[in-house]
Amino acid sequence: SDPRRIGKRDPLPPSPYHSKLALMSAMRLAQLLALLPFMRALSRQALQESLSYVQNGNSSEVIDVVDSEPDGGCPQMFVAVFTRRVSLEQRNLIRHMWNNAGEGWGNVTAKFMICRNVRNEKAYVRAMIQREATTFGDIAFLPCHEGYSEGALTLKVIVAMHLYLEEYAGYPLFMKVDDDTFVSMRRMCYMLNSRRDSGLPIAGTYMGVFAEEKAGEQMLRGNAVVRDSSSPWFESYDHFEPERYPVSAKGGPGYILPRQAVRLIIKKGIANKNVLNNEDKAVGVWVEQLTQYNVSLQRVNILGTDGYGDHQGWYPTKGKYKDYPLIVHHHLPGQTIACLHQIDRSHAAEELIDSCFEQT
């Protein structure tokens, strides 16, 4: 989960930071070199699997079995749930939601993504995490460092994608989401099936919360790049030169990509060449870079929120569940997620959600 608050995205005048950038670049190179052994472990067969396209004028769409599930359910999906090592209580509260994710979807495998590279961690904390992993079998230990600075979260996404391609490539869809996000897989599956029934593709899409339209946001263009080195959203010219990002899905509520897009992003080195400080914006850049290979993903806005203060108010937190329209809701405590999931799983449309949000 991302503890940083959403702030103003308007660019500020650059400040002197050349020596800092040199150090950052050196650190970034060291981090990438540390990932090489893991990257080499990828199955060559998985990496060499070719893409199929259907040409439509100057655009291309990725073709996949994602649109042809025989049982009417939604496409098989691997979910990378991003969490910190110390967030044991949060994982315990939301574990039931992810264990039951397939009930409203189909075949879903969710794993908690935890970085294994730590310093000065208490022995009892390490023992608790190992016991948790042994007990539940739903933790993936990645070769990365936890954090948000110096592109650490972006690097975590890269190694999570490598894990997906190596061990879960049989799933047509890849989803990344934070551990403080409520997800109604049932509602999301209904949304996808509605698209399919209307003749709209699921394959060839980049899905997520791009804009909270009822809060005044629009998908017309991406956010302005922040050049103030004191900002948590700082992006240097060395890592990204344009003054606006491509339209990108918000990281906390999660985003979904088709398998072939993930494979191309990794195989062609798109991710490694674009390790931005801001993880969600980095993914938007990667998707934009796919156009170099005649692959264009359609952006599909999922009804949801990042849950931050400036976006609160447009969705209800009281009343009946049927009047609470969100598919994904980020920035929630585990108790609220567990409460909403129980109502959602019970198909209790008339049940009140008031008590769920009294815990926030």
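Quick note: the coordinates plus some simple rules give every number you see, no bench work behind them. The structure presented is a predicted model; accordingly, all values stated were derived computationally and were not measured. For neighbour counting, all protein chains shown are included, and Cβ atoms are generated from backbone atoms with ideal geometry for every residue, glycine included.
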Problem set entry | Calculated diffusion of segment 127-211, Stokes-Einstein form, Kirkwood radius summed over Cα pairs, 20 °C and 1.002 mPa s, µm²/s | 135
Problem set entry | Sites Ala224 and Met128 - FRET efficiency at Förster radius 51 Å, r taken between beta-carbons, to 0.05 | 0.75
Problem set entry | Under Karplus coefficients 6.51, -1.76 and 1.60, residue-wise ³J(HN,Hα) of segment 96-102 in Hz, glycine/proline x | 4, 4, 6, 5, 9, 4, x
For this session: Determine by what factor the alpha-carbon radius of gyration of segment 227-267 differs from 2.2 N^0.38 Å, reporting the quotient.
Result: 1.51
Problem set entry | Point-to-point label distance, Leu88-Lys322, nm (Cα→Cβ direction, 7 Å offset) | 4.3
For this session: Could you check the simple spin-label distance between Phe141 and Arg345, using points 7 Å along Cα→Cβ, in nm with one decimal?
Result: 2.9
Exercise. Mean separation of Cα pairs under 8 Å and 6+ residues apart, divided by the residue count of segment 190-294: what relative contact order is that in percent?
Worked result: 26
